[in-house]
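To keep things clear, I will list the structure first and then write my remarks on it.
The values are calculated or read from the model by the stated rules, or taken from the named source; none is laboratory data. As the structure is a prediction and not an experimental result, all values here were calculated from the model. For neighbour counting, all protein chains shown are included, and Cβ atoms are generated from backbone atoms with ideal geometry for every residue, glycine included. Side chains are part of the model used for accessible areas, which takes the heavy atoms of the whole protein and leaves out ligands, DNA and RNA. Shrake-Rupley method; radii C 1.70, N 1.55, O 1.52, S 1.80 Å.
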Amino acid sequence: MQKSFGGPAIFLDRSDINTDEIIPAKYLTEVTKEALQPYILEDLKLEGFDSKGEALKQAKVIVTRENFGCGSSREHAPWVFEVNDVHTIIAESYARIFRQNMFNCGMLAIELPKASIDQLMELQERGNVRIEVDLSRQQVNALTDGEEKQFGFDISPFDKALVEAGGWVEFADARY
Amino acid sequence: MGKTLAEKIFDSHLRDEPFPGTKILNLDRVLCHEITTPVAIADLVWRNKDRVFDREKIKVVIDHVTPSKDTKTATQAKILRDWARRHDIPDFFDVGRNGVCHAIFPEKGYIRPGYTVIMGDSHTCTHGAFGAFAAGVGTTDLEVGILKGVCAFREPETIRVNLTGNLPQGVYAKDVILHVIARLGVNGATDRVIEFRGSVVERMNMDARMTLCNMAVEAGGTSGVCMPDMTTVEYLWEFIQDEFDSKEEALEDYQQWVSDADAKYTQTLDIDISALEPQVTYDYKPDCVKTVRDMQGTRVDQVYIGTCTNGRIDDLRQAAEVLKGRKIADSVRGIVSPATPKIFSDALAEGIIQIFMEAGFCVTNPTCGACLGMSNGVLAEGEVAAATSNRNFNGRMGKGGMVHLVSPATAAATAITGVITDARDL
């Protein structure tokens, strides 16, 4: 079943945010996704960011820069987002394994060019930003007080099919 | 148009292409450890699909936290152990016979030229040293691999790195790969295979080639690969001698995977390493690299030698050569983890373990250990380590700790002085 996408956004204005920052290795001893929930982005090095703060608690969309999710193959990184209801990441680029893990879990790792990410980052100065995703039209709508911005995005037909199927296990099980 | 090694492997393993550019490959090896596999097993059970596609092609090891340190890690080990037994998987390595996955699986002869290999571990790219396509994947890919024996990849593009010249005395594969990562950047090879070529690679043994390929992912690469040659055949011979009449015949067969002379590369990097110096990372990204002499004098609290990057016999020999007859600084905690029982045993026979112990090192059992701060050797806040591992991320070896990535020789020299040191200056 397809997940829901969109909601309040949080902005992580840094490149190369790695999987150890998203979920430190010491929590990889958990054997359920739910147990990871309190530890989201616990070791993120970013000025002004509070991993226990209200902004992250409310967030359903993360906007960030280049090479997001680099490092480990741990799917605990997408899972910690999933169990915190963050089903959408919007970044300039991703590490391959993290990106595939997102789609394999039926979640969205959307790529936008730097200029579009710049515009999204600027929006946060106006107040809370809400981002809606229309997967069928491949469009992101960002709303804040008195302003709305739209961005089209590319997604490979395979990744789109994974999201529509609810993940890779569902897709593969039906075909192979 | 010629093809690269990766393209040849993709062509020969193609199961389906559901969309243009999306290749579903048949898998020769699905490798499993106790950190990323248990959730896949639990999901298969939950879906009422607790099956394996081929029990001979699945290889299983407990390596990250072993022997288990607490109830949680004991549970992970038990889930994996029970599953391996339930499915009668013949190649399962438990306490006493286990070692670091990317060292023990090649050592057992499981990886061959032309193979497709996945594992729920980012450093799976190591196995490309044998001329295989080997990629780290997440738990869902692993789960589908276990159940169906397939995995999806994008059309492979390849970066060719030509390493020419002569490796200077005291400079090793680790220094070369740190330099390559610095040149490519941490995402310079994303969605690409890195092909290590040139006379330097041709002269390297398999241990050194594995060190090169191991860190391909630190530049974002899907797999690192080396061309199969007589060095590959010699390493594998004890496992393949029933398949071929002679080594020459094996070599001829493996030649089918070697990239064609007119293969197309997205990028070619020519590096003459004749003037390369020992390298070390600073900061929290593996592409932040300086020469050891530029970092000379940086104080360290711990030196860690081991891991899937540099825990093989050749690595231990290089460190022991520096340590022989010397003692490590009082201010340093030295830890060495031979990567497999065989490496441990060979190191004992060669007197290497004695050298480490006389120098003041703690010798641990084969395990991933301190590298990712999951079991022994965790750093305290503000502490600094020099390590032969592959990642210097913030908090990697313990919250608030700093890791400098170095070769085994540099690690040994640093342990002796207590500050980052070029072994050639001792």
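A few points about this structure:
- Relative intensity, log₁₀ I(q)/I(0), of chain B from a Debye sum that treats every alpha carbon as a point, q = 0.05, 0.12, 0.13, 0.14 Å⁻¹: -0.16, -0.95, -1.13, -1.30
- Normalised by the number of residues in the range B:369-417, the mean separation of alpha-carbon contacts (under 8 Å, six or more apart) gives a relative contact order of 35 percent.
- Across chain B, the longest piece that holds none of the GluC sites (Glu not before Pro) lying in DSSP loops with up to 16 other C-beta atoms within 10 Å covers B:57-242.
- The range B:66-97: trypsin sites (Lys or Arg not before Pro) in DSSP loop, at most 14 other beta carbons within 10 Å: B:LYS69, B:ARG97
- Interface burial in the range A:73-104, defined as at least 30 Å² less accessible area with all protein chains than with the chain alone at a 1.4 Å probe, covers A:SER73, A:GLU75, A:HIS76, A:TRP79, A:ARG96, A:ILE97, A:ARG99, A:ASN104.
- Here B:GLU350 and B:LYS69 are evaluated by their C-beta separation; at R0 = 41 Å the FRET efficiency comes out at 0.85.
- Gyration tensor (alpha-carbon) shape descriptor, the range B:93-215, a/c threshold 1.5: oblate
- Shielded by partner chains, the range B:116-147 residues - at least 50 Å² of accessible area, 1.4 Å probe, vs chain alone: B:THR140, B:ASP141, B:VAL144
- Computed label-point distance, nm, for sites B:VAL258 and B:ARG183 using a 7 Å Cα→Cβ extension: 2.2
- Accessible surface, the range B:157-272, averaged per residue in Å² (probe 1.4 Å): 38
- Percentage relative contact order, chain A, counting C-alpha pairs under 8 Å, at least six apart: 25
- A Cα-only calculation for the range B:5-154 places Rg and Dmax at 14.9, 47 Å.
- Here the contact order of chain B, divided by its residue count and restricted to Cα pairs under 8 Å and six or more residues apart, works out to 17 percent.
- Working from label points 7 Å from Cα in the Cα-to-Cβ sense, the B:GLU381 to B:MET357 distance is 3.8 nm.
- The B-A contact accounts for approximately 4100 Å² of buried accessible area, totalled over both chains at a 1.4 Å probe radius.
- Of all accessible heavy-atom area on the range B:1-87, the percent that carbon and sulfur account for (1.4 Å): 48
- Between the alpha-carbon centres of the range B:362-390 and the range B:214-245 there is a gap of 28 Å.
- Think of it as helices only: each DSSP H run of n ≥ 4 in the protein assembly as shown is worth -39500 (n - 2.57), and spread over all residues that comes to -9000 deg cm²/dmol at 222 nm.
- For the range B:157-272, the convex hull drawn through the C-alpha positions has a volume of 108 cubic angstrom per residue.
- Minimum 20 Å² accessible area buried by the other protein chains, the range B:36-76 residues, probe 1.4 Å, relative to alone: B:THR36, B:VAL39, B:ARG47, B:LYS49, B:LYS72, B:GLN76
- Computed over all pairs of different Cα atoms, the Kirkwood value for the hydrodynamic radius of the protein assembly as shown is 24.3 Å.
- The stretch between B:GLU238 and B:VAL95 holds 49.0 nm of extra length on full extension. This uses 0.36 nm per residue minus the Cα-Cα distance.
- Label-point gap, in nm, between B:SER12 and B:GLN169 - each point 7 angstrom along Cα→Cβ: 4.2
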